[in-house]
Amino acid sequence: MYSPSSMLSMSALCMVMGSAVAFIPAQPGRFSLRQSHTLSAQTHVIQTLKQGRSSSRRSLLRCAVVDGVTGNVGEQLLDRENAHVVGLLQNPFDASGSSGAFPGLPEHLSRMVDPPVPDNTPKLDPWGEKSGFPERCPEDPFGLVREELSPFAESIKSVVDTDHPILSEAAKHFFAQRQGKRFRPTIVMLMSKATSPSPTEHISGSIYDKQALLGQVTEMIHVASLIHDDVLDEADTRRGGEAVHKLYTNKVAVIAGDYLLARASVLLAKLQNTEVTEIMSTALESLVQGEIMQIKTGEEDLLDMMTYLRKSYHKTASLICDASKSAAMLGGHAADSEQARAAEEYGYHLGLAYQIIDDVLDFTGASDVLGKPALADVSLGLSTAPVLFASESIPELRPMIKRKFKQDGDVEKTLTFVLKSDGVERARELALFHAQRAVNAIARLPESTERNALI
């Protein structure tokens, strides 16, 4: 049973797209209406999802429009298009939920027609004899844009400043005290330079300013999703400190996340680029889809690796993918240009590699390294790549995955089974597959220090 305050987190993710939405579980495949806070005193717009995995087809949203005074409900079907449908983004999945434009698993490579891999493309070998940074790649890619990102937190803090002290403090929390690695804005800024005619000299001007603003938008969306995720997951910690809802309340955390998304939408509009706005709005849609998948995935699908990869794309890779392509497009490259498509493919594979390694660390890393408790995912009932690979050779894991590790001892048994199997090793191999695909994609751009930093 999901509390209304928790479910509002998904409402916030769609608010930036023009609606206040609430998802309350009802019968399988449907969501029922519950009155929620909205942007209008008179009308609530509640979106419910139509079943179906494909985002490549035109999908329908059934909207219940509720008069805030009379309570009368009327329904209509709205036709929805997103950036995948109109061709601004390549669809990573086909109608069956398997690999689409990009391979999710190595065995899907036979379906693909790949562009030629440029000569001298680095070959990654992070756990082999030649481990370390590839030749010509800077050892500190973050250092290339560190000075440019140094005023970043202050800029966002000023953007989200509000007359309400508690809301202001909660919204600024991650930017004032727990800034994290700034991974996503670093990718945006390096991609902006790598797709520029003069990467090293790309440090100012109107185009650069818009790309820097995109980096802020991307981080604000990411932080808002973290705040909402922690409410849904009832997490105690984030980035090595207390989660926002633990410092304040669930309501304050949800509203703080809502506010961050609202301010991000204002900045997004200031880019004055309708295609980029549509792409980044699709990233928001993907975040909601990922949360829905995490809540309502069926028992058999919990055992399916492609279901795991689709959820990982929606929750993690989509924002990196869409921001990478948007950075190239703000630089003047068309959506179907080689540069923009390479940036998009890079973001897709990098995002999946990043998430898979994060899931590996859930079993092998210490909590002080992760910034969250180890085995957090399994404790939340999530079956990740190491668990799914382990279950192929250890059948006892399968019923535990289906019941989301809810019985006493399930979490401890899962750790034992995964560590004695090849689950971690195979998950690392899958992460390396996606990391190498990301390298192959970015290598299609002209070589520069900034491009090599993305490797």
J(HN,Hα) series, the stretch 431-439, from Karplus relation 6.51 cos²θ - 1.76 cosθ + 1.60, nearest Hz, glycine and proline x: 4, 5, 4, 6, 4, 5, 4, 5, 4
Scale the Cα Rg of the stretch 354-447 by the rule-of-thumb value 2.2 N^0.38 Å and send over the ratio, two decimals. 1.22
Between PHE93 and residues 5 or more places away or on another chain, the pairs with built amide H atoms under 5 Å apart involve GLY100, ALA101
How far apart, in nm, are the 7 Å Cα→Cβ label points at GLU154 and ASP114? 4.6 nm
Pairwise centroid distance, computed over Cα atoms, of the stretch 96-169 with the stretch 372-426, Å: 27 Å
Residue-wise, which Karplus ³J(HN,Hα) couplings in Hz belong to the stretch 276-289, taking 6.51 cos²θ - 1.76 cosθ + 1.60, θ = phi - 60°, and x for glycine or proline? 5, 4, 5, 5, 6, 5, 5, 4, 5, 4, 4, 4, 5, 4
Taking every alpha carbon pair in the stretch 284-400 and sorting the distances into 5 angstrom bins from 0 up to the bin holding the longest one, the percent per bin comes out as 2, 11, 17, 19, 18, 13, 8, 6, 3, 1, 0
So what does ILE292 come to for accessible area, using a 1.4 Å probe and Å² rounded to 10? 10 Å²
In terms of the Cα gyration tensor, with a ≥ b ≥ c the square roots of its eigenvalues, is the stretch 208-360 rounded because a/c is under 1.5, prolate because a/b exceeds b/c, or oblate? oblate
With 22 Å as the limit, write out which pairs from LYS296/LYS402; LYS181/LYS404; LYS123/LYS210; LYS181/LYS270; LYS311/LYS420 have Cα-Cα distances beyond it, or answer none. LYS181/LYS404; LYS123/LYS210; LYS181/LYS270; LYS311/LYS420
From the backbone phi of the stretch 407-420, what are the Karplus-calculated ³J(HN,Hα) couplings (6.51 cos²θ - 1.76 cosθ + 1.60, θ = phi - 60°) in whole Hz, Gly and Pro given as x? 7, 4, x, 4, 5, 5, 5, 4, 4, 4, 5, 5, 6, 8
Any residue on another chain or 5+ positions along whose placed amide H is under 5 Å from the amide H of VAL85 is listed here as none
Please state the shape class of the stretch 282-322: rounded when a/c is under 1.5, otherwise prolate if a/b exceeds b/c and oblate if not, all from the C-alpha gyration tensor. oblate
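The values are calculated or read from the model by the stated rules, or taken from the named source; none is laboratory data. It should be emphasised that the depicted structure is a prediction, and the values quoted were computed from it without experimental measurement. Please note: Cβ atoms are built from the backbone with ideal geometry, for glycine as well, and neighbour counts cover all protein chains shown. Calculation scope for accessible area: heavy atoms of the full protein, side chains included, ligands and nucleic acids excluded. Shrake-Rupley method; radii C 1.70, N 1.55, O 1.52, S 1.80 Å.
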